[in-house]
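Novice: Quick one: the structure is below, and I'll ask about it shortly.
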Amino acid sequence: MLRTSEVLNNFKIIVDDLPRYTGRAVVRNLVNAGPTLICEVSLDESGLDAVMVSAHEPLGDTNTQFQNFLHRWQRYYKVRPEFKAVVADLQTLLADLRLWLDEMELGIRALPDGDRGDISRTVLSKVGDRIVATIDALHERFEEIVGDVEPELRPAHQSLAQRQLRSLFLCSPFGYRAYSKPLGYAGDYEMVNMITRDPLEGSTLFAKAMNLWLLEQWPSKAHWPGPRNPEVFRPHFVEQRGVHALRLQRRNA
């Protein structure tokens, strides 16, 4: 069983039956993806040296290798242009939003420790609603396009969206838990607790903003426990969160 911070001394990355890395690796993160375990590791540059040397050796049929590459790339070529456009717009918006909030956070960090938390909260309380509304506008367009994608093409569209957008959402504590499923299933009670407590959770201003956006989507609001809807305090409702908030969850969540 792998553990975080574990050192793997003979770690290899094989792509298309060719070695891409050989050497030391340190486990940085583990994500339980159902029947498989996704392992994030940091690599040593020295492990790439062997690959650089082997790149000058005969690698077999180059034409076949290029054909395999082209076949993998063509799945993205089949993605609808309007889908690519809205995904690119979302990625640009979120990347620039992160940069803007990071710059603001640098100024906050220069303040006395006791003031930082209050000022961070003040910043997001002033612009949080506008951030949510801005992302919502593109997200609604995203959902409209997704609804018209043919079933046989949905995996390619989903793969592109995950590739371009997933990392921008996993900084949110709620988004990360919805994706990683630390208890092995979606909609656990900690996710319910996240819905009911302060939405401004996260290690950075951007992470807090993304957490706020995720918790402002209709699954969380509709399933808020209380007189308005007393029957919804059930964990299985929460798994809808990742599906409807950019559909970045894996299937069968």
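Novice: Taking the conditions exactly as written (at negative phi, assigned by TED's automatic domain parsing to the domain that holds R163, out of contact with any helix residue (DSSP H, G or I) (no Cβ under 9 Å at 6 or more places or on another chain) and loosely packed, with under 14 Cβ neighbours inside 10 Å), does L106 satisfy them or not? Give the derivation first.
Specialist: Values: at negative phi: yes; assigned by TED's automatic domain parsing to the domain that holds R163: yes; out of contact with any helix residue (DSSP H, G or I) (no Cβ under 9 Å at 6 or more places or on another chain): yes; loosely packed, with under 14 Cβ neighbours inside 10 Å: yes.
In short, yes.
Novice: Would you point out which residue out of Y179, Y185 is at pLDDT below 90 and assigned to a helix (DSSP H, G or I)?
Specialist: On the way: Y185 fails: assigned to a helix (DSSP H, G or I).
Y179 is the lone residue from the list that is at pLDDT below 90 and assigned to a helix (DSSP H, G or I).
Novice: Is it fair to say L101 is within 30 Å of R75 (Cα to Cα) and touching a helix residue (DSSP H, G or I) at 6+ places or on another chain (Cβ under 8 Å)?
Specialist: No: the conditions fail for L101.
Novice: Let me ask something else. State whether one or more residues within segment 46-67 are at positive phi, surrounded by 10 or more Cβ atoms within 10 Å (Cβ to Cβ) and either in a helix (DSSP H, G or I) or at pLDDT below 85 (or both). Before you say what the answer is, go through the steps one by one.
Specialist: Kept after step one, since they are at positive phi, are these residues of segment 46-67: 60.
Narrowing further to those that are surrounded by 10 or more Cβ atoms within 10 Å (Cβ to Cβ): 60.
Retained after the next criterion (residues that are either in a helix (DSSP H, G or I) or at pLDDT below 85 (or both)): 60.
Scanning segment 46-67, I find at least one residue that is at positive phi, surrounded by 10 or more Cβ atoms within 10 Å (Cβ to Cβ) and either in a helix (DSSP H, G or I) or at pLDDT below 85 (or both), so the answer is yes.
The values are calculated or read from the model by the stated rules, or taken from the named source; none is laboratory data. Remember, predicted model here, so these are calculated numbers, not experimental data. A quick note on method: Cβ atoms are made from the backbone with ideal geometry, for glycine too, and the neighbour counts reach across all protein chains shown.
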